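K.L.:
The structure that follows is given in the form of structure tokens.
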Amino acid sequence: MNLMSPNILLLSIHQKYANMIFDGDKQVELRRVRPRHLKEGDLILVYVTSPEQALVGVLEVEKVIEKSPLDLWNIVGDKAGITYDCFQQYYRKCSIGYAIYFKSKFSFDSPIKLERLREEWSDFRPPQCYHYLKDREINFVQSIVKQDILSFSTNPKVYQTELLAQN
């Protein structure tokens, strides 16, 4: 039997913004490129860029919205944790912008530093945009943080055989 799990996305976020997310001051992550297949209940594994360079926690996705930058700012401007000038600069030359809302967030007890990731996950590279984790990568992260990351999703876990029986 195969367990149908939420998608887990590895996302690089600047340290300032990651801190704001985990402190509750930023409720959406803005992106110029929409991560394919990202939906409610999926998980985002947060990799913080320099200077920290570490996996720091997990976010559960509430929803993803897609709008023109002007419409997007009108909806998320007070939740984005950036000024209008920064927002305009980020989305210049973009006709569409994306906002990822979080349902919940979970910080790891200790960040997993880049050096350790590269020692134990030989082909680890912080994503430039995003990267969906494979089962072996999920298992690796869970073994390091000593937590069941999949349990952070409120989506019910469904076995593939149960789906076949329902059809």
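The values are calculated or read from the model by the stated rules, or taken from the named source; none is laboratory data. Since this is a predicted model, take the numbers as computed values, not measurements. Using ideal geometry, Cβ is built from the backbone for each residue, glycine included, and neighbour counts are taken over all protein chains shown.
K.L.:
Report yes if residue 10 is in contact with a Pro (Cβ under 7 Å, 6 or more places away or on another chain), under 21 Å from residue 151 (Cβ atoms) and outside any loop (DSSP other than H, G, I, E, B), otherwise no.
P.N.:
Yes: the conditions hold for residue 10.
K.L.:
Any idea how many residues of the range 108-164 are closer than 21 Å to residue 60 by Cα, modelled with pLDDT under 85 and either polar (S, T, N, Q) or more than 15 Å from the chain's Cα centre (by Cα) (or both)?
P.N.:
Final tally of qualifying residues: 6.
K.L.:
Anything in the range 80-95 that is in contact with a strand residue (DSSP E or B) (Cβ under 6 Å, 6 or more places away or on another chain) and assigned to a loop (DSSP other than H, G, I, E, B)? List them, or say none.
P.N.:
Hit for the range 80-95 is 80, nothing else.
K.L.:
Are any residues in the range 33-69 surrounded by 15 or more Cβ atoms within 10 Å (Cβ to Cβ) and among the β-branched types (Val, Ile, Thr), and if so, which ones?
P.N.:
Passing the criteria: 44, 46, 48, 49, 56, 58, 61, 64, 65.
K.L.:
Does residue 75 meet the test of being part of a loop (DSSP other than H, G, I, E, B), more than 17 Å from residue 104 (Cα to Cα) and β-branched (Val, Ile, Thr)?
P.N.:
Criteria not met by residue 75.
K.L.:
For residue 113, which of the numbered conditions (1) loosely packed, with under 14 Cβ neighbours inside 10 Å; (2) of a type outside the set (Asp, Glu); (3) free of Cβ contacts under 8 Å to residues at least 12 places away in the same chain; (4) under 20 Å from residue 8 (Cα atoms) fails to hold?
P.N.:
Evaluating residue 113 over (1) loosely packed, with under 14 Cβ neighbours inside 10 Å; (2) of a type outside the set (Asp, Glu); (3) free of Cβ contacts under 8 Å to residues at least 12 places away in the same chain; (4) under 20 Å from residue 8 (Cα atoms) leaves (3) as the failure.
K.L.:
Anything in the range 53-66 that is without any contact (Cβ under 8 Å) to a residue 60 or more places away in the chain and more than 14 Å from residue 29 (Cα to Cα)? List them, or say none.
P.N.:
Result: 56, 57.
K.L.:
For the range 116-131, which positions are among the hydroxyl-bearing types (Ser, Thr, Tyr) and either crowded, with 16+ Cβ neighbours inside 10 Å or in contact with a Ser or Thr (Cβ under 9 Å, 6 or more places away or on another chain) (or both)?
P.N.:
The answer is 130, and nothing else.
K.L.:
Would you check which residues across the range 39-67 are part of a loop (DSSP other than H, G, I, E, B) and either within 23 Å of residue 145 (Cα to Cα) or touching a Gly at 6+ places or on another chain (Cβ under 7 Å) (or both) and list them?
P.N.:
41, 42, 49, 50, 51, 52, 53
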